[in-house]
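Where a number appears in this text, it was derived from the coordinates with a stated rule and is not lab data. These numbers were taken from a predicted model, which means no experiment stands behind them. Positions of Cβ are backbone-derived with ideal geometry, glycine not excepted, and every protein chain shown enters the neighbour counts.
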Amino acid sequence: MTPTLSATSRANDEQLERAVLLHLFFESPAMLTDDEVRRALAADESFAERDAIDRAVRDLAAAGVLRRVHGVVALTRAAARTAHLLERS
């Protein structure tokens, strides 16, 4: 069975969500602005890439992993604790 465009897009979205999450894990406990996250992860400043990063942050916040307030992004307490525990294993 050939992957559909939507399955491929979802896989790309999940890969970018992992990248955002890992970046915030490594920067924790720092709180980063949306722009700082975009600059760290974008290979270029294309609209498509910025939009994909914004979508990843939005989806992670909706899942309760990130907190996003007034353009500032940070791990939730539960996500930060999980990162801390995984780092030690």
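Things to note:
- Around the Cα centre of the chain, unit charges on the Cβ atoms of Lys, Arg, Asp and Glu (plus for the first two, minus for the last two) sum to a dipole of about 440 debye.
- Distances between placed amide hydrogens fall under 5 Å for Met31 paired with no residue 5 or more residues away or on another chain.
- Theoretical gain in end-to-end length, Ala40 to Arg67 [0.36 nm per residue, Cα-Cα removed]: 7.9 nm
- Amide H to amide H distances under 5 Å link Leu66 with Ala61, Thr76, where only residues 5 or more positions off or on other chains count and H is placed in the peptide plane.
- 3J(HN,Hα) along the stretch 71-86: x, 10, 10, 8, 5, 6, 4, 5, 5, 5, 5, 4, 4, 4, 5, 5 Hz, from the Karplus curve 6.51 cos²θ - 1.76 cosθ + 1.60 with θ = phi - 60°, whole Hz, x for Gly and Pro.
- DSSP-assigned coil residues among chymotrypsin sites (Phe, Trp or Tyr not before Pro) in the stretch 1-74, each with at most 16 further Cβ atoms within 10 Å: none
- Folded to 0 to 90 degrees: helix 5-27 orientation relative to the chain principal axis, Cα: 20 degrees
- Among Thr8, Ala42, Val73 - extreme Cα towards positive end, dipole of the chain, charges at beta-carbon: Val73
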